[in-house]
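Below is one structure, written out as structure tokens; the observations come after it.
The values are calculated or read from the model by the stated rules, or taken from the named source; none is laboratory data. Everything quoted here is computed from the prediction, not taken from an experiment. So basically every Cβ, Gly included, is an ideal-geometry build from the backbone, and we count neighbours across all protein chains shown. Just the protein is used for accessible areas: all its heavy atoms, side chains included, with ligands, DNA and RNA removed. Shrake-Rupley method; radii C 1.70, N 1.55, O 1.52, S 1.80 Å.
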Amino acid sequence: MWPFDLACGSDTDPSQEPPTDDAARTIRLLNAAADGLRNQLAEQAKQITFLQTQYTAASSYVDTVRKDNAKLTETNATLQTQVTSGMALIRSTYEGRVKFLEQNATRWQETAQFVMKKDELTNDDVRKKASLLAVREAEMQNMRAEMVGWRGRAEGAERRCRELEGG
């Protein structure tokens, strides 16, 4: 039989004598130690419950974070795909626009060169004609004067012919 059983009033061994002072003191010490251990056990049980609650909360938080991370990873992949396709669209639009503008610039350059060449030739032609204009006008004045002279002679010849005919 254990001293703890004796202190608790267990009467499993009636032949045993009542405890002596040393035995009673040992029993009190052991009972006090047992009470301390029971208190520690109750405190440990509270701590275990607290830690289990904290672990459950942390596990729930981790699950939530993992789900959020999975959603964010999916969203990130979608956004990266959209950015990639958007950049490709912008690039192709930009390249198409640049190509169009380069072709347009080339066409306008060719048109400008044609117009400048035509202007250069036209200006040369106009200058040549302008320089000849004064000469031609002088020649025309001379020819008119000659024509007047010839008319006068023709009229004179006609008069003479009429005179000779009528004469």
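Conditions tested, residue by residue: (1) open to solvent by less than 70 Å² (accessible area, probe 1.4 Å); (2) in contact (Cβ under 8 Å) with a residue 40 or more places away in the chain; (3) part of a helix (DSSP H, G or I); (4) of a type in the set (Ser, Thr, Tyr).
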| position | (1), (2), (3), (4) |
| --- | --- |
| 61 | no, no, yes, yes |
| 70 | yes, no, yes, no |
| 84 | no, no, yes, yes |
| 87 | no, no, yes, no |
| 96 | yes, no, yes, no |
| 107 | no, no, yes, no |
| 156 | yes, no, yes, no |
| 162 | no, no, yes, no |
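For segment 115-145, which positions are open to solvent by 100 Å² or more (accessible area, probe 1.4 Å) and at pLDDT 90 or above?
Passing the criteria: 141, 143, 144.
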